[in-house]
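The values are calculated or read from the model by the stated rules, or taken from the named source; none is laboratory data. Keep in mind it's a predicted model, so treat the numbers as computed, not measured. Every residue, glycine as well, gets a Cβ built from its backbone with ideal geometry; the counts of neighbours run over all protein chains shown. With ligands, DNA and RNA removed, areas are computed over all heavy atoms of the protein, side chains included. Shrake-Rupley method; radii C 1.70, N 1.55, O 1.52, S 1.80 Å.
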Amino acid sequence: MVKNKKSEQKSCKYIFVTGGVLSGVGKGITAASIGAILKAKGYKVSIQKCDPYLNVDAGLLNPVEHGECFVTHDGKETDLDLGHYERFLDFETSRFSSVLSGALYQELIDKERSGGFHGKTVQMVPHFTNLVQEKIEKASEGSDIHIVEIGGTVGDYEGLSFIEAIRLFANRVGRENCLYVHVVYVPWINTSKELKTKPAQNALKDLRGFGIIPDVVVCRTERPAPRAICEKIAAFSGIASDAVLNLPDIESVYDVPFNVLKSGVLEILNRFVGDSKEPDMSKWKEFSRLRGKNWAKTVKVGLVAKYVGNEDAYICVTEALKAAAAWNKVNLELVWLNAEEVTDKDFAKVDGLVVPGGFGARGAEGKIKAAFYALEHNLPYLGLCLGMQMACVAAARRGGIKSAGSEEFGAGEGENVVYIMEGQCGKESTGGTMRLGDYPAKLVKGSKVAGVYGSEDVIERHRHRYEVNQKFLDEIEKGGLVISGTSPDGMLVEFVESPKNKFFVATQAHPEFRSRPLNVHPLFMEFIKSLK
Ligand code: GLN
């Protein structure tokens with residue numbers, strides 16, 4: 001058994017993606033696109049992000065600054081890059097797919113405190129760098145190709161040990177089994193009307209200084225760069241000129257795989273993996289064609305949100321809606337509705353409402369109003385996590401409990417239709433106290449959701465602390481909602497719906513985490529369909 005595992009491990013090849021000049025130029029999308037191409041060639045591809053910042057996980061990071069917190073099936077709170085990976089590769093990342101310095105330090109210090117180092121001095125090299133390599137090997141188990149993106153920019157103080165770890169990794173598995181890709185930004189200087197290669201040259205010098213000569217250099221530019229630019233970078237950096245590629249900005253991230261293919265990277269990848277099979281991009285092409293069309297019908301979806309206009313804060317939701325619109329052959333007009341100010345007049349202007357997840361009292365009344373309006377006016381509604389809790393509060397108010405609210409919003413006079421269950425762990429607002437990751441649900445036979453899923457047993461990802469209090473079920477039902485799914489023991493409300501509405505479904509889970517552009521989640525497909 002062990003032997004098998006070893007040989008399986010050996011056959012894995014590794015692609016390391018680093019960045020130079022500045023961060024935020026699409027390193028993650030480049031990594032995911034390379035993965036998508038290799039997957040389309042028939043390989044089993046996994047992908048991982050190593051982030052050098054000192055947080056332990058992404059659970060407490062501010063969504064305004066950092067974007068949405070993504071949750072893996074096994075309950076790790078990570079940054080939104082893992083969402084991109086899942087969308088591009090249509091696979092499930094895991095807790096091993098996200099590595100943060102804070103967690104690694106914590107692991108090393110815990111081991112040191114319990115005597116695990118037997119009196120040895122604990123050092124960045126080899127202890128930290130070995131741990132990074134172990135995490136990479138762990139995450140790559142069972143894959144043909146494993147991609148590792150290193151967050152930040154090469155040369156950042158806190159990232160040095162990760163660069164050293166990936167350099168050392170070539171000793172562990174053989175240099176021929178590693179492909180180093182460095183993504184650099186080449187700025188356009190408007191005054192002199194030229195692209196400047198110097199920052200990229202310096203970034204490559206930095207990387208060389210750490211002992212890594214990349215196999216591929218990706219030059220990110222605002223517009224397509226003349227070939228001479230790549231050649232200049234190659235000449236000044238001692239890299240073969242056909243290994244320096246240009247990836248200009250493009251309208252949609254989902255077209256980046258095509259751009260990557262056009263850039264000439266396929267030849268390098270083919271050489272690396274040792275086959276020249278054409279990737280089957282037919283589904284990507286179909287998706288691109290549908291997205292690019294101007295359809296006769298436009299659907300207006302009101303997103304009742306706290307962070308208005310900040311797509312990153314709700315990226316899985318907006319991506320799921322966009323993809324669902326494309327496959328439903330309609331144009332999507334996303335209307336941001338500020339949860340703190342929204343009125344019935346705003347609801348009247350859209351074809352349907354989505355109330356996404358959220359935390360805290362701010363904007364909650366607007367979300368309750370949205371659900372109330374949808375119930376009264378037969379307006380399609382999709383509630384996600386907090387969106388389900390607020391739907392239950394709205395229904396309870398319609399059902400007679402005028403003071404219905406949630407315990408999350410502070411101790412008021414009202415009835416907590418949403419509450420922390422007796423014996424449930426963690427009232428505190430710090431990390432690691434929530435119900436996280438996959439949980440199963442039993443759907444009611446004949447319900448709308450059972451029909452949408454085509455099954456009565458479903459598993460969805462969760463990230464929440466509060467639950468619907470079943471003491472108020474009568475009022476919730478009187479207010480127009482039925483419970484259409486619960487945890488298998490019946491204790492927790494997982495899905496509610498309005499039998500009278502055309503489409504009113506809400507779930508305690510986050511189905512958006514499992515929606516992929518090429519494989520859209522059925523709840524999003526059906527929601528958009530109901531607006532047509
Ligand atoms: N704030 C709510 C809870 O903790 C909902 C969480 C969410 O929408 N992700 O239960």
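In the stretch 401-410, what count of residues is obtained for those that are under 19 Å from His464 (Cα atoms), open to solvent by 10 Å² or more (accessible area, probe 1.4 Å) and either more than 10 Å from the ligand (Cβ to nearest atom) or not in a helix (DSSP H, G or I) (or both)?
2
For (1) within 16 Å of the ligand (Cβ to nearest atom); (2) over 17 Å from His464 (Cβ atoms); (3) crowded, with 24+ Cβ neighbours inside 10 Å; (4) more than 29 Å from the chain's Cα centre (by Cα), each residue gets a yes or a no:
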position: Tyr307; (1), (2), (3), (4): yes, yes, no, no
position: Val335; (1), (2), (3), (4): no, yes, no, no
position: Ala339; (1), (2), (3), (4): yes, yes, yes, no
position: Met388; (1), (2), (3), (4): yes, no, yes, no
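Looking at (1) open to solvent by less than 20 Å² (accessible area, probe 1.4 Å); (2) part of a strand (DSSP E or B), which is the one condition that is false for Asn246?
(1)
Could you tell me whether any residue of the stretch 115-137 is surrounded by fewer than 20 Cβ atoms within 10 Å (Cβ to Cβ), among the basic types (Lys, Arg) and not in a loop (DSSP other than H, G, I, E, B)?
no
Taking Lys262, is it of a type in the set (Lys, Arg) and in contact (Cβ under 8 Å) with a residue 12 or more places away in the chain?
No, not satisfied.
Taking the conditions exactly as written (part of a helix (DSSP H, G or I) and either among the basic types (Lys, Arg) or open to solvent by less than 60 Å² (accessible area, probe 1.4 Å) (or both)), does Pro199 satisfy them or not?
Yes: the conditions hold for Pro199.
Counting only residues that are more than 16 Å from the ligand (Cβ to nearest atom), closer than 17 Å to Leu353 by Cβ and open to solvent by 40 Å² or more (accessible area, probe 1.4 Å), give me the helices (runs of 4 or more DSSP H) lying completely in the stretch 422-532 with at least 2 of them.
Those helices (runs of 4 or more DSSP H) span 522-529.
Name, by its number, the condition in (1) surrounded by 19 or more Cβ atoms within 10 Å (Cβ to Cβ); (2) closer than 29 Å to Thr197 by Cβ; (3) among the small types (Gly, Ala, Ser) that does not hold for Ser23.
Of everything listed in (1) surrounded by 19 or more Cβ atoms within 10 Å (Cβ to Cβ); (2) closer than 29 Å to Thr197 by Cβ; (3) among the small types (Gly, Ala, Ser), Ser23 misses just condition (1).
Given the criteria over 27 Å from Pro63 (Cα atoms), open to solvent by less than 30 Å² (accessible area, probe 1.4 Å) and in contact with a strand residue (DSSP E or B) (Cβ under 8 Å, 6 or more places away or on another chain), does Val330 qualify?
Here the answer is yes, as Val330 does meet what is asked.
Go through the stretch 361-386 and give me each residue that's surrounded by fewer than 21 Cβ atoms within 10 Å (Cβ to Cβ), within 16 Å of the ligand (Cβ to nearest atom) and of a type in the set (D, E, K, R).
Correct list: Arg362, Glu365.
Does at least one position in the stretch 320-332 carry a residue that is at pLDDT 95 or above, within 16 Å of the ligand (Cβ to nearest atom) and not polar (S, T, N, Q)?
Scanning the stretch 320-332 turns up at least one residue that is at pLDDT 95 or above, within 16 Å of the ligand (Cβ to nearest atom) and not polar (S, T, N, Q).
May I ask you to list the residues in the stretch 10-25 that are in a strand (DSSP E or B) and basic (Lys, Arg)?
Answer for the stretch 10-25, where residues must be in a strand (DSSP E or B) and basic (Lys, Arg): just Lys13.
Here are the criteria: (1) open to solvent by less than 50 Å² (accessible area, probe 1.4 Å); (2) not in a loop (DSSP other than H, G, I, E, B). Tell me which single one Arg208 does not satisfy.
Checking Arg208 against (1) open to solvent by less than 50 Å² (accessible area, probe 1.4 Å); (2) not in a loop (DSSP other than H, G, I, E, B), the one that fails is (1).
Show the residue pairs that are 6+ apart or on different chains and have beta-carbon atoms under 8 Å apart, the first residue being within the stretch 283-303 and free of Cβ contacts under 8 Å to residues at least 40 places away in the same chain, the second being open to solvent by 70 Å² or more (accessible area, probe 1.4 Å) and among the basic types (Lys, Arg).
Leu290/Lys329; Arg291/Lys322; Lys293/Lys329; Trp295/Lys329
Scanning for something at pLDDT 95 or above, out of contact with any His (no Cβ under 7 Å at 6 or more places or on another chain) and under 30 Å from Asn294 (Cα atoms), does the stretch 391-398 turn up at least one residue?
no
Those residues that are surrounded by 14 or more Cβ atoms within 10 Å (Cβ to Cβ), over 26 Å from Leu518 (Cβ atoms) and away from the ligand (no atom under 16 Å from the Cβ), I need them from the stretch 341-360; list them, please.
Val342, Asp346, Phe347, Val350
List the helices (runs of 4 or more DSSP H) that sit entirely inside the stretch 26-103 and contain at least 2 residues that are open to solvent by less than 20 Å² (accessible area, probe 1.4 Å) and closer than 21 Å to Tyr307 by Cβ.
Per the criteria, 81-89.
Please go through the stretch 178-209 and pick out each residue that is in contact with a Phe, Trp or Tyr (Cβ under 6 Å, 6 or more places away or on another chain) and under 19 Å from Ile47 (Cβ atoms).
Correct list: Cys178, Leu179, Tyr180.
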